[in-house]
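Below: the structure, in structure tokens.
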Amino acid sequence: MSPEVLSKWAQLKGITVIGTGDFTHPLWLKELREKLEPAGADLFRLRKGFGSDDIPDSCRAEVFFLPSAEISCIYSKGGKTRKIHSLVFVPDFKSAEKVNAALSKIGNLKSDGRPILGLDAKELLKIVLASSPKAILVPAHAWTPHFSVFGAVSGFDSLEECFEELTPSIHAIETGLSSDPSMNWRLSSLDQITLISNSDAHSPAKLGREGTIFDTAVSYGTVMHAIRTREGFLGTIEFFPEEGKYHYDGHRACGVSLSPKETIRHNYLCPVCGRKVTVGVTHRVEKLADREDGFRPPGAPVFHSMVPLQEIIAEALQTGVHTKGVDAIYFSMLEKLGNEFRILMDLPIKNIEKAGSPKVAEAISRMRSGDVHITPGFDGAYGKIKIFERTGKKAIGGKGMRNLTLKPQK
């Protein structure tokens with residue numbers, strides 16, 4: 001994806017600030033330097049001449065870029081192989097280059113957009129903090145089994161085990177697609193940690209599957225201050241976590257999906273082939289939690305459990321997501337109603353009914369109330385979410401590239 005494509009889809013989705021991703025890759029950093037210019041407040045915008053003309057007027061808005069990267073650390077600690085993914089946010093390209101200079105001495109930054117390095121995550125944190133006093137490291141998709149700080153396969157049981165004396169410099173974790181804030185609230189050790197969400201998009205249409213909502217000025221400093229202190233932090237936009245690829249335990253090769261209790265009953269072995277199952281996020285949270293399911297800390301921010309608009313339209317039409325019919329209705333709704341987040345979160349249902357399919361409007365209403373049916377994802381397979389089912393399921397606590405969605409200050 002080019003910066004201009006990212007900007008276009010950010011406008012269609014309703015995203016104000018978007019992470020550049022992959023600033024560690026030399027060619028991508030070169031393109032960012034060529035196509036972006038400082039916008040003030042330690043953010044960037046597209047240079048003139050790189051914008052897109054095929055954006056509905058109802059969606060047009062200024063989009064800002066924040067330098068970001070995801071880095072994979074694979075190393076041995078405590079007698080176990082650790083595989084930790086981390087997000088890095090920096091205020092400028094000079095700081096990005098400082099990070100890159102240090103990491104290039106450890107591994108090849110040209111091989112992948114997300115470099116894989118034999119580096120302790122704590123040492124990565126040191127490098128990030130040395131690049132700029134404004135830089136922040138956030139453990140990515142914190143519960144994913146194979147590549148996260150709390151992952152069942154290669155993670156730790158606490159932030160302190162991973163980052164030791166530098167743990168006070170960790171101000172946030174990313175919930176990831178397979179968990180949501182209500183699951184993280186079960187750990188009292190995370191009470192002072194801000195729970196952010198990001199789309200982790202590998203294609204432009206996937207932008208905005210998750211996002212973080214701020215009520216701040218549009219600047220790097222105010223966003224990072226909100227992450228550090230929760231001042232101006234309003235909450236998150238989340239996947240229904242059951243739809244995530246690692247919500248339940250299981251063995252995809254055998255088509256076996258298990259709840260934590262079923263996994264324990266089968267002694268962590270696949271009942272079909274006898275091999276070890278992949279322990280998912282729900283099981284891992286249950287193991288580390290010191291609070292009962294349903295606990296909500298006082299003053300906890302809200303979160304919104306969402307289904308992307310194109311998926312909603314596809315179900316209403318009973319067709320695939322990647323079809324001309326879905327695209328036609330999607331862009332027609334954007335032209336009439338505004339960006340996707342506005343349609344999914346803010347507009348009265350009656351307005352959506354007038355502008356599009358009544359069945360799409362009904363589906364959005366059900367989604368807002370959490371009235372959906374989900375077959376949980378497991379062992380790398382996404383869950384299957386259905387809205388028009390006889391059996392409904394209430395989302396826990398839900399309210400009807402990495403991206404940040406900002407609500408401008410009043």
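Among helices (runs of 4 or more DSSP H) entirely within the range 116-205, having at least 3 residues that are over 19 Å from Pro301 (Cα atoms) and not hydrophobic (A, V, I, L, M, F, W, C) singles out 121-131. If the condition is being in contact with a Cys (Cβ under 6 Å, 6 or more places away or on another chain) and either part of a strand (DSSP E or B) or surrounded by 17 or more Cβ atoms within 10 Å (Cβ to Cβ) (or both), then the range 225-263 contributes His251, Val256. Residues of the range 3-49 that are of a type in the set (Ser, Thr, Tyr) and either surrounded by fewer than 18 Cβ atoms within 10 Å (Cβ to Cβ) or closer than 10 Å to Phe64 by Cα (or both): Ser7, Thr16, Thr20.
The condition of being surrounded by fewer than 20 Cβ atoms within 10 Å (Cβ to Cβ) and within 21 Å of Pro67 (Cβ to Cβ) holds for Pro204.
From Thr391, Thr319, Thr375, which residue is modelled with pLDDT of 90 or more and under 28 Å from Asp293 (Cα atoms)?
Unique residue meeting the criteria: Thr375.
Please verify whether Arg82 is of a type in the set (D, E, K, R), closer than 21 Å to Ser148 by Cβ and not in a loop (DSSP other than H, G, I, E, B), treating the condition exactly as stated. So Arg82 passes the test. Please state which one of Gly176, Gly118, Gly107 is among the small types (Gly, Ala, Ser) and in contact with a helix residue (DSSP H, G or I) (Cβ under 8 Å, 6 or more places away or on another chain). Of the residues listed, the single one that is among the small types (Gly, Ala, Ser) and in contact with a helix residue (DSSP H, G or I) (Cβ under 8 Å, 6 or more places away or on another chain) is Gly176.
Answer yes or no as to whether Thr222 is polar (S, T, N, Q), part of a helix (DSSP H, G or I) and either surrounded by fewer than 23 Cβ atoms within 10 Å (Cβ to Cβ) or touching a Phe, Trp or Tyr at 6+ places or on another chain (Cβ under 8 Å) (or both). Criteria met by Thr222.
Rundown of residues vs (1) among the basic types (Lys, Arg); (2) surrounded by 15 or more Cβ atoms within 10 Å (Cβ to Cβ); (3) farther than 30 Å from Asp191 by Cα, yes/no style:
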| site | (1), (2), (3) |
| --- | --- |
| Pro297 | no, no, no |
| Pro308 | no, yes, no |
| Ile313 | no, yes, yes |
| Gly320 | no, no, yes |
| Tyr330 | no, yes, yes |
| Leu337 | no, yes, yes |
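As a summary of the residue check, Pro408 satisfies the conditions (1) within 27 Å of Asn184 (Cβ to Cβ); (2) at pLDDT below 90 except for the one numbered (1).
Here is a list: Phe65, Phe23, Phe44. Which entry is part of a loop (DSSP other than H, G, I, E, B) and closer than 27 Å to Thr216 by Cβ? If you could, list the steps in order and put the result at the bottom.
Working: Phe65 fails: part of a loop (DSSP other than H, G, I, E, B); Phe44 fails: part of a loop (DSSP other than H, G, I, E, B).
Only one candidate qualifies: Phe23.
When you scan the range 91-112, do you find a residue that is in the same structural domain as Val149 (by TED's automatic domain parsing), under 18 Å from His141 (Cβ atoms) and crowded, with 19+ Cβ neighbours inside 10 Å, even just one? No: the range 91-112 contains no residue that is in the same structural domain as Val149 (by TED's automatic domain parsing), under 18 Å from His141 (Cβ atoms) and crowded, with 19+ Cβ neighbours inside 10 Å.
The values are calculated or read from the model by the stated rules, or taken from the named source; none is laboratory data. None of these values were measured; they are calculated from a predicted model. Backbone-built Cβ (ideal geometry, glycine too); neighbour counts: all protein chains shown.
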